[in-house]
Amino acid sequence: MCGIVGYIGNTKASPILIDGLLKLEYRGYDSAGIATIEGPHIKCLKHKGRVKELQNIPEINSLEGHIGIAHTRWATHGKPSSINAHPHLDESKNFAVVHNGIIENYSQIKDFLTNAGYHFLSQTDTEVIPNLIHYYYYKEDENDNLRFVKAVNKAVSDLKGSYAIEVIFSFEPDKIIVARKDSPLVIGIKDDEKFVASDIPAILDYTNNIYILNDGDLVQVTKKSVTFYDIDLNVVKRTPEIITWDAKSADKNGYEDFMLKEIYEQPTAIRETIGTRLVKDAKCNFDDISIPKEYLSKVSRIYIVACGTAMHAGLAVKPILERLTSIPVEVDISSEFRYRKPLIDKNTLIICISQSGETADTIAALKNAKQIGSKTIAISNVIGSSITREADYTIYTHAGPEIAVASTKAYTCQITVLSLLAIYFAEVLGIENEEILSALKNEILELPSKVSITLENTDLIKEFAKRIYKEKDIFFLGRGTDFAVAKEASLKLKEISYIHSDAYQSGELKHGPIALIEDDVTVVGIITDRRLLDKSVSNLQEVITRGAKTLLVTNQNVDKDVFPNIINIPKVHPLLSPILSIIPLQLLAYYVSKEKGLDVDKPRNLAKSVTVE
């Protein structure tokens, strides 16, 4: 949520700031703003709506400053409006701040500042920050070279909650102060230019030499230097990282939307995720975590903790983890897990999944589990993200940048890497039949080519989307791993088409949901397990007899006279089938959304990275 950009250098800041905001649009937002230092003053321009509307403000062309900050806001405190948009200035209009996160104690701080004579314009929690910095600044020695830094440090020390902030000050126009706690922030360096952003794609066109900030970091950024401080303002040495993926990987490359591009990138993304972890006729290689048999043999339960699509990936891999390790696996929603006092201990292994690595509830759940004594594994797509720095072990997917809000390739890569982890655990424990492991490994190596085949079969999907895009309710049915896919397919449709949809286990139809089936209702079925074929077909026939039209995703032999709309996918082991069966349903959601004329990449009310509770 929220996009943050900053620049200091030798050229006009505004075009660079706007470019960065455009690259962060995928995060979700409702307003945008920019502030630059112009001579002795800060010039701030804000607008409710899209970045392009901010670009169209005539005054923006008059911004000449070489230092500035910018922001896209996703409303938390205060409705979407130009007044509530960032940046926010203090009462003297000398300090400007952009902020990602939530200040939980802003009411108390606002009362304190109001009693001290400060006045506020917005409904936001953020506006207390520049005024609090102003308050502390004028309590510092005016001859202290660190006066600005000290004021920001004291201000953030008073804040409870989460924040990534940038601050500029009209009286010190040669520096930006940045700080972070529980919200992502990076700094790019290139000669006498420095770039700040909440995500790497915003600045990757300019540099791949990146500092990734840790919680508690306070940083002074000038044209020539980046100085890190700890809470006591001791200078801390940090080393930047070289980001190896290039900016073009975040462009559309000729596709109409990022989501479509990312769906079609799945063969490559899965191949990269498999990488050297699995080669033919060899054991799974997870040397980057090296979990010993002594520990694994004592694990009494595995919890997979995640939100949304990542949680659905957990549901999809629960069967393979249990089958190969004989360890019970629970899949829990992060926001529920952290508040219900789960029965975990030092013999519980917690696997936390987050594409961005910045999902607030998942990070909090991981921290809680560590306090209790459980070992933790983070599954993330973003190197250096918050969750990877908190976990005992980290496993990266290698899906590449995922820009569209609705996750596609990250989901299939999460299932892929967790399936490999299940095999790795089985091999470490030595408890599974080698013949089964060998078969699964061979099938995983074939997944990229099978995904490519699946992506060739799109005509029926497009045609079916045209038939159903005006519908109000759609249902998804599946058994076993197919039910996990049904839940994810239902979520995808909801996210980008705004059609109400539900997913049910096929066997639960007669226990209530069948009451919803009436003439011409659409039901999407998924059948990939030969053992469940007859029962699943029987369940779908029950809805057909009640007037439903059906779409079936399958790799089994079914009667085409009964099911006229069949999307065939390649044969694959049922434990791995979610990686293939979801792909036609990702495309279905995409084409339904396109038929409705919606913004596929930026659906309403949603953000790519949910960095606040």
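The values are calculated or read from the model by the stated rules, or taken from the named source; none is laboratory data. Note that the coordinates shown come from a computational prediction; the quantities given were computed from them, not determined experimentally. All Cβ positions, glycine included, derive from the backbone under ideal geometry; neighbour counts span all protein chains shown. Note: areas computed on protein heavy atoms with side chains; ligands, DNA, RNA excluded. Shrake-Rupley method; radii C 1.70, N 1.55, O 1.52, S 1.80 Å.
Couple of notes before you dig in:
- Filter result for L588 (assigned to a helix (DSSP H, G or I), under 27 Å from the mean Cα position of the chain (by Cα) and not aromatic (F, W, Y)): yes
- Residues that are touching a residue at least 40 places away in the same chain (Cβ under 8 Å) and either among the β-branched types (V, I, T) or surrounded by 17 or more Cβ atoms within 10 Å (Cβ to Cβ) (or both), drawn from segment 487-504: K487, E488, A489, L491, K492, L493, E495, I496, S497, I499
- Pairs with Cβ under 6 Å, 6+ apart, first in segment 1-26 and at pLDDT below 90 and in a loop (DSSP other than H, G, I, E, B), second of a type in the set (F, W, Y) and surrounded by fewer than 24 Cβ atoms within 10 Å (Cβ to Cβ): M1/W74; C2/W74
- I8 touching a strand residue (DSSP E or B) at 6+ places or on another chain (Cβ under 8 Å), under 19 Å from T126 (Cβ atoms) and buried (at least 24 other Cβ atoms within 10 Å of the Cβ): no
- Hey, A85 more than 22 Å from V221 (Cβ to Cβ), buried (at least 19 other Cβ atoms within 10 Å of the Cβ) and touching a residue at least 12 places away in the same chain (Cβ under 8 Å) or not: yes
- Positions within segment 44-61 being at pLDDT 90 or above and open to solvent by 70 Å² or more (accessible area, probe 1.4 Å), in sequence order: K48, K52, E53, Q55, N56, P58, E59, N61
- Taken as a whole, the condition of being of a type in the set (S, T, N, Q) and open to solvent by less than 30 Å² (accessible area, probe 1.4 Å) does not apply to S538.
- Among the numbered conditions (1) closer than 30 Å to S300 by Cβ; (2) among the small types (G, A, S); (3) touching a Phe, Trp or Tyr at 6+ places or on another chain (Cβ under 9 Å); (4) not in a strand (DSSP E or B), the only one that A378 does not meet is (4).
- Odd one out for L233 among (1) out of contact with any helix residue (DSSP H, G or I) (no Cβ under 8 Å at 6 or more places or on another chain); (2) open to solvent by less than 80 Å² (accessible area, probe 1.4 Å); (3) within 30 Å of E172 (Cα to Cα): (1)
- The set of residues in segment 274-294 that are touching a Lys or Arg at 6+ places or on another chain (Cβ under 9 Å), within 17 Å of T394 (Cβ to Cβ) and open to solvent by less than 40 Å² (accessible area, probe 1.4 Å) comprises C284, F286, I291.
- Some residue of segment 339-349 being farther than 18 Å from I289 by Cα, within 18 Å of the chain's Cα centre (by Cα) and either of a type in the set (F, W, Y) or open to solvent by 10 Å² or more (accessible area, probe 1.4 Å) (or both): no
- Summed over segment 388-403, residues that are surrounded by fewer than 24 Cβ atoms within 10 Å (Cβ to Cβ) and either of a type outside the set (D, E) or more than 29 Å from V299 (Cα to Cα) (or both) total 9.
- Condition check for V610: under 26 Å from I415 (Cβ atoms), modelled with pLDDT under 95 and open to solvent by 10 Å² or more (accessible area, probe 1.4 Å): yes
- Residue pairs meeting the criteria (Cβ under 6 Å; at least 6 apart or on separate chains; first closer than 27 Å to G597 by Cβ, in segment 443-472; second of a type in the set (D, E, K, R) and part of a helix (DSSP H, G or I)): A465/E595; K466/E595; Y469/E595
- Checking I353 against (1) open to solvent by 10 Å² or more (accessible area, probe 1.4 Å); (2) in a strand (DSSP E or B), the condition it does not meet: (1)
- Residue that is basic (K, R) and under 30 Å from K181 (Cα atoms), where the choices are K318, K346, K293: K346
- Lone qualifier among V305, V329, V299, V317 - being modelled with pLDDT of 95 or more, hydrophobic (A, V, I, L, M, F, W, C), over 24 Å from T412 (Cβ atoms) and open to solvent by less than 20 Å² (accessible area, probe 1.4 Å): V299
- Residue match in segment 60-67 (condition: out of contact with any helix residue (DSSP H, G or I) (no Cβ under 9 Å at 6 or more places or on another chain) and in contact (Cβ under 8 Å) with a residue 60 or more places away in the chain): no
Rundown of residues vs (1) under 16 Å from K181 (Cβ atoms); (2) in a helix (DSSP H, G or I); (3) modelled with pLDDT of 95 or more; (4) of a type in the set (A, V, I, L, M), yes/no style:
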site	(1), (2), (3), (4)
P201	no, yes, no, no
L204	no, no, no, yes
G216	yes, no, no, no
Q220	no, no, yes, no
K223	no, no, yes, no
F228	yes, no, yes, no
I231	yes, no, no, yes
T239	no, no, no, no
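- Flag if L532 is closer than 28 Å to E595 by Cβ and part of a helix (DSSP H, G or I): no
- Candidates S356, S297: the one that is over 24 Å from D482 (Cβ atoms), in contact with a Pro (Cβ under 8 Å, 6 or more places away or on another chain) and touching a residue at least 40 places away in the same chain (Cβ under 8 Å) is S356.
- Residue tally, condition farther than 18 Å from E166 by Cα and open to solvent by 50 Å² or more (accessible area, probe 1.4 Å), over segment 25-43: 2
- The C-beta contact set for segment 505-523 (first residue farther than 16 Å from K535 by Cβ and outside any loop (DSSP other than H, G, I, E, B), second residue open to solvent by less than 30 Å² (accessible area, probe 1.4 Å) and at pLDDT below 85, distance under 7 angstrom, 6+ apart or interchain) is empty.
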